[in-house]
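S.K.: Take this structure first; my questions come after.
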Amino acid sequence: MCETDEILFEINEPSEIIVDFSTVNSSCNANDGSISINIEGGDGEYSTFMGELESGVISEQIGDNIVFENLSAGDYYFSPIDQFGCMCETQEVFFSIEEPDILEITTETISEYNGYGVSCNDSNDGFIDINVTGGYGLYSFEWSNGEILEDISDLGAEIYSLVVTDENGCIETLDIEITEPTILEITETVSEYN
């Protein structure tokens, strides 16, 4: 008679791959967005493939804490895979990198006195009223005459330069000329009659 030994096997399944990620949006309509990805579970070393939905460009990184940098605004996906080819439950994780609207300065009003920016030669009654749109957050203003307000007044004739900066450090510039009429001259003509 044959003797048999019973051998028991336990087949373990690796834990589910869990992904946590955070993104940083593009700041000044540039390629400075990023995604940080933390991967847990699965088995062994991870390969993460990331691609842009529109262009299909794909890159790969190895590890469980990775960062894809230099991303422009757009829609992306990533797929983490462990050493046995197992993926996270959704297989592909979709995300977007956003960007603020373009920072723009528009000139609302410039003083106007019969075609000039000041009323008389050497006067200081000009003003500039501008509007800023786009960018992110609050704006700071730096005029060439030292003013730090959005709109400026009591201006003489010259070219005024403005630098507007948003909270992301994005910059937009504008030059505006305030003109003046020529000097009013009176000439005298004397008639001599003998």
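S.K.: Could you give me the percent of Cα pairs per 10 Å distance bin for segment 50-148, shortest bin first, beginning at zero and ending with the bin that holds the maximum distance?
M.R.: The distribution over segment 50-148 is 11, 26, 17, 13, 13, 11, 7, 2, 0, given as percents.
S.K.: So what is the relative contact order for segment 79-194, in percent, with contacts set as C-alpha pairs under 8 Å and at least six apart?
M.R.: Relative contact order comes out at 24 percent.
S.K.: Under a point spin-label approximation (7 Å from Cα along Cα-to-Cβ), what is the Thr187-Ser15 distance to one decimal in nm?
M.R.: So the label points at Thr187 and Ser15 sit 9.6 nm apart.
S.K.: Given the chain, what whole percent of its Cα pairs are spread farther than 27 Å?
M.R.: Value for the chain (Cα pairs over 27 Å): 60 percent.
S.K.: Mean shadow of segment 86-194, computed from the convex hull of its alpha carbons, in nm²? Can you show the working numbers first?
M.R.: Working: hull surface 42.8 nm².
Mean shadow area of the hull around the Cα atoms is 10.7 nm².
S.K.: Also, I was wondering about something else. Cα extents of segment 8-112 along the three principal axes, largest first, in whole Å?
M.R.: Principal extents (Cα only, largest first): 95, 22, 19 Å.
S.K.: Same structure again: In percent, what relative contact order does the chain have, based on Cα pairs under 8 Å that are 6 or more apart in sequence?
M.R.: 16 percent
S.K.: How much net charge surrounds Ser27 when only the other residues with a Cβ under 10 Å from the Cβ of Ser27 are counted, with Lys and Arg +1 and Asp and Glu -1?
M.R.: With Lys, Arg at +1 and Asp, Glu at -1, the neighbours total -4.
Read-outs: derived from the displayed coordinates by stated rules, not from any lab. Because the structure is a prediction, the values reported are computed rather than measured. Cβ sites come from the backbone with ideal geometry, for glycine too, and all protein chains shown count toward neighbours.
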